[in-house]
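The values are calculated or read from the model by the stated rules, or taken from the named source; none is laboratory data. All values derive from a computational prediction rather than experimental measurement. A quick note on method: Cβ atoms are made from the backbone with ideal geometry, for glycine too, and the neighbour counts reach across all protein chains shown. With ligands, DNA and RNA removed, areas are computed over all heavy atoms of the protein, side chains included. Shrake-Rupley method; radii C 1.70, N 1.55, O 1.52, S 1.80 Å.
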There are 2 protein chains.
Amino acid sequence: MMTIKEVTEMTGISAPTLRYYEKEGLLPYVKRNENRKRLYDEEDLSWISFVTALRATGMPIAQIQKYVSLFKEGDSTIAERKTMMLHHKKDIEKSIKELYFNLDKINYKLALYDVLESQIERTTIKI
Amino acid sequence: MMTIKEVTEMTGISAPTLRYYEKEGLLPYVKRNENRKRLYDEEDLSWISFVTALRATGMPIAQIQKYVSLFKEGDSTIAERKTMMLHHKKDIEKSIKELYFNLDKINYKLALYDVLESQIERTTIKI
DNA sequence: ATAGAAGATGAAGTTCACTTGAAGTCAAGG
DNA sequence: CCTTGACTTCAAGTGAACTTCATCTTCTAT
């Protein structure tokens, strides 16, 4: 069992953010010691890692909330949770495609700069 | 020359956003007619498209502002602008890598759901 | 000529995801 | 004993990127 400080050091997530995620219901079942201090176990860490992956791929807090509340309902929600993940997977794949598409535009701009620079060079050395 | 409405229809960007981008200095040289209504030409459209690509790839407004102000300074800033684009290209490539990395975690979760579902099926038909 | 749609402006409001502040509890060390 | 530091809670504040509002002007169609 780890303290909040150890978790922040391991994950790079700030203590206020961990408390905020827990308050919003993104981290089920974080336990406390006799003095109400949070104690994180391996399962908490894997929730943190999962929530972090969802956030990093753009899933809003509200949707993660929904996912976690379905999880708490138990096995009867497995199909719905799987559907959520499938949709999110599609969203991520779309984001990646759009990033590639826009990266192409940036690369085109960079190619123009190469042309510009070689023109300037030719002008400077008066060819 | 197109009106703001035609541009919103072409690009899907709202008129308030176009005005906001212009006010923030992201769209240089948008002209007006005799009654101060905006008129967009081809060059404006290509700026809009470029700014949109930068935004869609996560470049903050402030950095686009800087880029456009360098552009307005003229050819002496070409090297600096190219450097900005090279850095941004690196950032995009990093984002794409991170998306793939996190997509793997989602796919792992999905694989677990497949296992869970087949377990449930076996339980139901009592094998 | 006049209603209604479209455009302009500046200021204020919204949303999201945190972050910071204020005030209190508790254990350990000098 | 008492200070320090790591926690706690709840509320308020922040920053980014728009969006909406109020008010005014201008164009278009009947």
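The table below gives the values:
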quantity	calculated
Calculated [θ] (222 nm, deg cm²/dmol) that DSSP helices of n ≥ 4 give over chain A, each run adding -39,500 (n - 2.57)	-24500 deg cm²/dmol
Length added when fully stretched, residue B:45-residue B:117, from 0.36 nm per residue minus Cα-Cα	20.8 nm
Exercise: per-residue mean of other protein chain Cβ atoms within 10 Å, B:104-116	4
Whole-Hz ³J(HN,Hα) from phi, Karplus 6.51 cos²θ - 1.76 cosθ + 1.60, for the stretch B:41-54, glycine and proline x	9, 4, 5, 4, 4, 6, 5, 4, 5, 5, 4, 4, 5, 5
Interface residues in the stretch B:63-99 - accessible area drops by 40 Å² or more relative to the isolated chain, probe 1.4 Å	B:78, B:82, B:85, B:89, B:92, B:96, B:99
Cα-based equivalent ellipsoid, chain B: semi-axes from gyration tensor eigenvalues, Å	46, 22, 9
Proximal lysines to residue B:31, defined as alpha-carbon separation beneath 28 angstrom and excluding residues fewer than eight positions away on the same chain	A:105, A:109, B:5, B:23, B:66, B:72, B:82
Teacher prompt: residue A:35 distances to equivalent labels in other copies, 7 Å Cα→Cβ, nm	7.3
Accessible surface of the stretch A:1-73, 1.4 Å probe, proportion on carbon and sulfur as whole %	51 percent
Phi to ³J(HN,Hα) by Karplus 6.51 cos²θ - 1.76 cosθ + 1.60 over the stretch B:21-31, Hz, x for Gly, Pro	4, 5, 4, 7, x, 8, 10, x, 6, 6, 8
Angle between chain A longest axis and helix A:61-73 axis [Cα atoms, degrees, rounded to 10]	30 degrees
Assigned charges on the beta-carbon of Lys, Arg, Asp, Glu; the protein assembly as shown dipole about Cα centre (debye)	520 debye
Mean projected area (nm²) of the alpha-carbon convex hull when the stretch B:1-73 is viewed from all directions	4.7 nm²
Shortest-first nm distances, residue B:11 label point to equivalent points in other copies (7 Å, Cα→Cβ)	4.0
Accessible area (Å², per residue) of the stretch B:81-127, counting only protein heavy atoms and a probe of 1.4 Å	70 Å²
Residue-normalised accessible area of the stretch A:1-73, given per residue in Å² at a 1.4 Å probe	57 Å²
Percentage relative contact order, the stretch A:1-73, counting C-alpha pairs under 8 Å, at least six apart	33 percent
Amide H contacts of residue A:39 (H built 1.01 Å from N, under 5 Å, at least 5 apart or other chain)	A:31, A:32, A:33
Projected label distance in nm at residue B:19 and residue B:104, using a 7 Å step from Cα toward the beta-carbon	4.8 nm
In the A-B interface, the accessible area buried, summed over both sides, Å² (probe 1.4 Å)	3200 Å²
Principal axis box of the stretch B:81-127, alpha-carbon based, largest edge first, Å	67, 8, 6
Exposed-site-free run, longest, chain B (rule: trypsin sites (Lys or Arg not before Pro); DSSP loop; at most 15 other C-beta within 10 Å)	B:38-125
Label-point gap, in nm, between residue A:29 and residue A:79 - each point 7 angstrom along Cα→Cβ	2.5 nm
